[in-house]
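Visitor: This structure is in structure tokens; I'll ask about it shortly.
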Amino acid sequence: DAGITQSPRHKVTETGTPVTLRCHQTENHRYMYWYRQDPGHGLRLIHYSYGVKDTDKGEVSDGYSVSRSKTEDFLLTLESATSSQTSVYFCAISDLGHYGYTFGSGTRLTVV
Amino acid sequence: GENVEQHPSTLSVQEGDSAVIKCTYSDSASNYFPWYKQELGKGPQLIIDIRSNVGEKKDQRIAVTLNKTAKHFSLHITETQPEDSAVYFCAARNNAGNMLTFGGGTRLMVKP
């Protein structure tokens, strides 16, 4: 998706290890979001950011932390990965006055 | 917080038939309702949206209707084609911030 990239696209990690996923945007949008997608649950908000160093929790934030030191980057960290965090993670961006989101292509994370 | 329910979870239609996906929301203050299409291995993409001051919106073969009193909105796809096969998500904007709450998704299959 133009203007927003996620890395890595795929990752396999072991239980108990820390993992960081990166979302990078070139649109200079104010808002950034991390969602996870699981069968039967749709897209659930993990954390979001409304500006540099301004972040807040979503509905499924336990076990996750985020950081946004620059407008263009939003990092999602799994402190100690568990099997329940196996999922597809999507980053999204939006801007003031524009309610719709633009999504990245996703990161498929498998915790073994 | 907002809660969005989406039905059906799967929908199979013959090419050329119409498809209807329905969503209900709980927060009467929600004011923006987008629909996203997600193709296999990709992030969701915005296909149509509607704001709370409008009852219906059309864009070629797709339309969205909103009933604020009943707190439900629907996606209508006419003359379905195989390339319409995908997962569709509805969402509602949380009036407390620039956040979307998503429904659980509908897998649409269009049979040639």
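Visitor: List the residues, sorted by chain then number, that are 5 or more residues from B:L100 or on another chain and whose placed amide H is less than 5 Å from its amide H.
Guide: Sorted by chain and number, the residues that satisfy this are B:N94.
Visitor: Once the cut-off is 31 Å, how many percent of the Cα-Cα pairs in the protein assembly as shown end up in the long-distance tail? Could you put the intermediate results ahead of the total?
Guide: Values: 5188 of 24976 pairs.
Taking all Cα-Cα pairs of the protein assembly as shown, the fraction more than 31 Å apart is 21 percent.
Visitor: Please pull out the direction-averaged projected area of the stretch A:19-112, using the convex hull of its alpha-carbon atoms, in nm² to one decimal place.
Guide: Values: hull surface 23.2 nm².
If you wrap the Cα atoms of the stretch A:19-112 in a convex hull and average its projections, you get 5.8 nm².
Visitor: Could you derive backbone 3J(HN,Hα) for the stretch A:59-69 from the dihedral phi with the Karplus parameters 6.51, -1.76 and 1.60 (θ = phi - 60°), listing whole Hz in sequence and x where the residue is Gly or Pro?
Guide: 6, 10, 8, 4, x, 10, 9, 9, 8, 9, 8
Visitor: In sequence order, what are the phi-derived ³J(HN,Hα) couplings for the stretch B:35-45 according to the Karplus relation 6.51 cos²θ - 1.76 cosθ + 1.60 with θ = phi - 60°, rounded to whole Hz, with x for glycine and proline?
Guide: 10, 10, 10, 10, 8, 4, x, 10, x, x, 10
Visitor: I would also like to ask the following. If you build a Gaussian network model of chain B, linking Cα atoms that sit under 10 Å apart, which residue out of B:A86, B:A29, B:A63 swings the most?
Guide: Looking only at B:A86, B:A29, B:A63, the biggest GNM fluctuation is shown by B:A29.
Visitor: Let me ask something additional. Counting only other chains, what is the mean number of Cβ atoms within 10 angstrom of the Cβ of each residue in peptide A:91-100?
Guide: Details: counts 1, 3, 0, 4, 1, 1, 1, 1, 12, 8.
Partner Cβ neighbours, averaged per residue: 3.
Visitor: Hey, got the Cα dimensions of the stretch B:73-112 along the principal axes, in Å, largest first?
Guide: 44, 16, 12
Visitor: Turning to a different aspect of this structure: Can you give the mean number of other chain Cβ atoms that lie within 10 Å of the Cβ atoms in peptide A:41-51? Before the final figure, lay out the partial values.
Guide: Values: counts 3, 14, 11, 2, 6, 0, 0, 3, 0, 3, 0.
Across A:41-51, the average partner-chain Cβ count within 10 Å equals 4.
Visitor: If you find the alpha carbon centre of the stretch B:62-94 and of the stretch A:56-107, how far apart are they in angstrom?
Guide: The stretch B:62-94 and the stretch A:56-107 have Cα centres spaced 25 Å from each other.
Visitor: Same structure, new question: Just to be sure I understand: with springs between alpha-carbon atoms less than 10 Å apart, which residue in B:K68, B:K58, B:K42 has the highest mean-square fluctuation in the Gaussian network model of chain B?
Guide: Largest GNM mean-square fluctuation: B:K42.
Visitor: Another question about this same structure. Just add up the charged neighbours of B:E15: K/R +1, D/E -1, any other residue whose Cβ is under 15 Å from the Cβ of B:E15.
Guide: Working: positive: B:R61, B:K111; negative: B:D17, B:E79, B:E83, B:D84.
So the environment of B:E15 carries a net charge of -2.
Visitor: By average Cβ neighbour count within 10 Å, what is the ranking of A:9-15, A:31-37 from highest down? Intermediate results must be reported in sequence, preceding the final value.
Guide: Details: A:9-15: 12.0, A:31-37: 24.1.
Answer by packing, highest mean first, reads A:31-37, A:9-15.
Visitor: In Å and whole numbers, how far do the C-alpha atoms of the stretch B:29-112 stretch along each principal axis, longest first?
Guide: 41, 25, 18
Computed from the coordinates by the stated procedures, all read-outs in this text should not be read as laboratory data. Note that the structure is a prediction, hence the values are computed from the model and not measured. Please note: Cβ atoms are built from the backbone with ideal geometry, for glycine as well, and neighbour counts cover all protein chains shown.
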